[in-house]
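**Student:** Before anything else, here's the structure in question.
Quick note: the coordinates plus some simple rules give every number you see, no bench work behind them. The shown structure was predicted, so the numbers you read here are calculated from the model rather than taken from an experiment. Cβ sites come from the backbone with ideal geometry, for glycine too, and all protein chains shown count toward neighbours.
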Ligand SMILES: [Zn+2]
């Protein structure tokens, strides 16, 4: 197996930049693209013709502004490419198929057993992917899988939680699924997938942002100066095991007072207020550590108590940053609802088509 490389990096970067502009808005003109990318209109013509040949861009009519030839407009062809995103948890797989702009075309969900052996798990993921592949007709680029960590997204391996009875620990989920489907596959943390998807939905807003995800556990992902942060072991943002209370609730990792343990303990006693306080502490610590201007909250557990949670987090930030009038941090609720992670995993696959670095790995020798 080898990483799926871009076709031609230099040309690819320009093509990707044009696609990126086209993805976000209204039909664009050659001159508009030239101005946005700071290249000549002649260069844009070449790029547009390459993208046109690949079916990614098409003409979208023309406009007249004064005398002379009308200006031709171009737009992205959303249906030209597709990607599948799967959100794997311990109890279910939620899957979507998305078009080139990240729009969800179809979604499916199946329940799975907590202790499902790896071969059966791969079977379940592949079956759902095949079902989703029936929808839409653009070229299918691959399958992205987002799941709770620790995940080694570079090697495509689920490293496993600190639980001794974890049937999936150490499984090379990416290569097994790739073998099963014969399609490029990417494996990543649920929170990272979520943040990629969310930054597609809110272009330009999340260049310095943290996404805090509360599902069955607690995690976070970071985007700083416009780039996703992975870290030395692909584990950046694992806030679930940072201590928020000395001598607190025991955590499966062996320590006490981890954010995740405290959060889950509060939810178990239906203390939504306390759970929100734990989250607020996590968010404030993150903001202090990495200097972001937006924090996105997402995940099923947050949606259930979103009013309490948003209020607690906003209050904690206001209180915690009071002394620094120039620091403004906006707290947002994710825009993608239950599709958040699956759609994000599909966007991660699609980013390969936009010339961005991904850990998508395709079939092939070497
Ligand atoms: Zn812990």
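**Student:** What number of residues within region 90-124 satisfy the criterion of being over 14 Å from residue 346 (Cβ atoms) and either out of contact with any helix residue (DSSP H, G or I) (no Cβ under 6 Å at 6 or more places or on another chain) or part of a strand (DSSP E or B) (or both)?
**Tutor:** 17
**Student:** Going by what's in this entry, would residue 220 be described as within 16 Å of the ligand (Cβ to nearest atom) and either under 18 Å from residue 330 (Cβ atoms) or outside any loop (DSSP other than H, G, I, E, B) (or both)?
**Tutor:** Criteria met by residue 220.
**Student:** Just a yes or no: is a residue in region 49-60 in contact with a helix residue (DSSP H, G or I) (Cβ under 6 Å, 6 or more places away or on another chain), assigned to a strand (DSSP E or B) and closer than 26 Å to residue 102 by Cβ?
**Tutor:** Within region 49-60, one or more residues are in contact with a helix residue (DSSP H, G or I) (Cβ under 6 Å, 6 or more places away or on another chain), assigned to a strand (DSSP E or B) and closer than 26 Å to residue 102 by Cβ.
**Student:** Which one of these is in contact (Cβ under 8 Å) with a residue 40 or more places away in the chain and within 25 Å of residue 282 (Cα to Cα): 167, 194, 221?
**Tutor:** None of the others qualify; the one that does is 194.
**Student:** Could you list all residues from region 68-89 that are surrounded by fewer than 18 Cβ atoms within 10 Å (Cβ to Cβ) and part of a loop (DSSP other than H, G, I, E, B)?
**Tutor:** Within region 68-89, 68, 69, 70 qualify.
**Student:** For region 249-276, enumerate the residues that are part of a helix (DSSP H, G or I), in contact with a helix residue (DSSP H, G or I) (Cβ under 6 Å, 6 or more places away or on another chain) and surrounded by 20 or more Cβ atoms within 10 Å (Cβ to Cβ).
**Tutor:** Passing the criteria: 259, 260, 262, 263, 275, 276.
**Student:** Same structure again: Check region 24-43 and report whether any residue there is within 25 Å of residue 132 (Cα to Cα) and surrounded by 14 or more Cβ atoms within 10 Å (Cβ to Cβ).
**Tutor:** No, region 24-43 has no match at all.
**Student:** Pull up region 224-248, narrow it to residues that are within 15 Å of the ligand (Cβ to nearest atom), part of a loop (DSSP other than H, G, I, E, B) and without any contact (Cβ under 8 Å) to a residue 24 or more places away in the chain, then point me to the one that is farthest from residue 280 (Cα to Cα).
**Tutor:** Per the stated criteria, the residue is 247.
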